[in-house]
Every structure is written in C-alpha cells, then in structure tokens.
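Each remark here refers to the structure printed beneath this line.
The values are calculated or read from the model by the stated rules, or taken from the named source; none is laboratory data. Just so we're clear, the structure is a prediction, and the values are computed from it rather than from any experiment. Cβ coordinates were reconstructed from backbone atoms using ideal geometry, including for glycine residues, and neighbour counts include every protein chain displayed. With ligands, DNA and RNA removed, areas are computed over all heavy atoms of the protein, side chains included. Shrake-Rupley method; radii C 1.70, N 1.55, O 1.52, S 1.80 Å.
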Amino acid sequence: MSKALDYLLKARPDAMQAYFTFLKKAGEHLDPKTAALISVITKVHAKTANGVRQYLPRALKAGATADEVIDALLMAMPALGFSKIVWAIDVIIEMNLPEFAHVGKPATPSSATETWHEVAPLASLQEGDAKYFQAGARKAILTLNSGKIVVYDAHCPHKGNAIPESGIAEGSIVCPFHEWKFDLKSGECTAGGNKPLTVLPSKIENGIVLVKG
Ligand code: FES
C-alpha cells in the first residue's frame, strides 16, 4: 500500500474501509482472472508502475496468459490510448517475466521445417519408461504404455514453458512453473490446470522410434 493510502487509512478509517469494501464487492461476480485483468488495466490507466508490478503477477497466477494480457491492453485502447499501452509494455518488459519471453518467437517450429528424428531403438524401451529428449527445436518425452509409444511435447500447455527432465515423476509429469500435473499414460492434466499435454507424431521404422519435430 502507498504511504498516502496508509495515511488516509489512519486519518479516515471508516471512509477508507468503506472504499476498500467497495473495491472488493465491486468485482465479486467476476472470475479471478477477469477481475485481475481489469485491475491491470486500471493500473495502466493510472500509469502506476508499482500497481502494474503488483497486479500483473496476480493476473498470471489467476491463469491469464501473456497473450491475454496484451489483448486486454489492446482492447482497452479507447480508454488508455496507445502511449499508455506502450508505457505498460515497457514496464512489463522490465519485469522480465518468463510468461512474456516467448512473445515474438514462434511457439513451435513450422511444419515446413519439421523432420523425423531418431530417438531410440524400440527394444531398448521398457513398459512405463519416460525418456526425455530433444527432437529438433522441441523438447519431448517418450513413453511406452501397454506396448504403445506415445510422445509428448515437453512444452507446457499452460504457458508454453519447457518442462525440464526433473519434472518427470513416478507415473506423472509436473511442470515446475505453476505446478500443473499430467498423467504419464494419458497426458491429461490431473492437477492445477485443465489442458492436456500435446502429443507429437511418432512412428517406428526398422525397430527405431522416430518423432517429428
Ligand atoms: S507453464 Fe504454468 S504450469 Fe507449466
């Protein structure tokens, strides 16, 4: 809280409590992500960098993606004006948040540059294995379940961060960034989120597992 708000809270406790109650009640029918995005917009409108630094992480924690934050800013252009949006983006860049690191880079290689990569001899794999590897530009996880090869893109469906090899646990894969957890057999998200891992194309040729990436 700013020094001024702190001062007013002491000088006019009843009025200020009513103000804070109003702010809390005003958004009670909004889901947390929408409410947090609106708070970010109000901080940009007031051009308070500290406010953006405080509320942007809340919006991300509530599930907003970097693209959603940018869309919210752009949609508010009639109220904010372009210069405040540029100012906000400068503040966001300075925050150096991993969620915004992918912006401007292709999320995945274009299919034109994708090729098949040899990963491992099929005979070397055992039931329940989870093998972490790099296929072209992609990090991936190969599993063998009930005799069937399944390869997951190791980039998290939440915000696209690369899940490291250490994220592979007994029967599951856990993304360390926001703790989304995925079932190793199905790729379904079992905790933290609601999107499954992406399955990459794979095939077996001459006893070798090949993955497209
Ligand atoms: S990037 Fe958020 S849980 Fe993986």
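Data for the structure
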quantity: Residues of region 138-185 satisfying the condition of being acidic (D, E) and touching a residue at least 40 places away in the same chain (Cβ under 8 Å); calculated: D153
quantity: Counted residues, region 50-84 - those being farther than 30 Å from P157 by Cβ and open to solvent by 30 Å² or more (accessible area, probe 1.4 Å); calculated: 6
quantity: Residues that are away from the ligand (no atom under 11 Å from the Cβ), surrounded by 15 or more Cβ atoms within 10 Å (Cβ to Cβ) and in a strand (DSSP E or B), drawn from region 148-189; calculated: I149, V150, V151, Y152, D153, I168, S172, D183
quantity: Residue within region 205-212 that is within 22 Å of A64 (Cα to Cα) and either within 14 Å of the ligand (Cβ to nearest atom) or open to solvent by 70 Å² or more (accessible area, probe 1.4 Å) (or both) present; calculated: no
quantity: Residue in region 140-150 that is touching a His at 6+ places or on another chain (Cβ under 8 Å) and at pLDDT below 90 present; calculated: no
quantity: Unmet requirement for I41, which otherwise passes all of (1) closer than 25 Å to K159 by Cβ; (2) open to solvent by 90 Å² or more (accessible area, probe 1.4 Å); (3) at pLDDT 90 or above; calculated: (2)
quantity: Breaking point among (1) under 17 Å from the mean Cα position of the chain (by Cα); (2) under 24 Å from Q126 (Cβ atoms), for V199; calculated: (1)
quantity: One residue from A46, A26, A4 being within 30 Å of V86 (Cβ to Cβ), open to solvent by 60 Å² or more (accessible area, probe 1.4 Å) and in the same structural domain as V86 (by TED's automatic domain parsing); calculated: A46
quantity: Residue in region 131-147 that is nearest to the ligand (Cβ to nearest atom), counting only those that are surrounded by 20 or more Cβ atoms within 10 Å (Cβ to Cβ) and of a type in the set (G, A, S); calculated: A140
quantity: P201 open to solvent by 50 Å² or more (accessible area, probe 1.4 Å) and touching a Gly at 6+ places or on another chain (Cβ under 8 Å); calculated: no
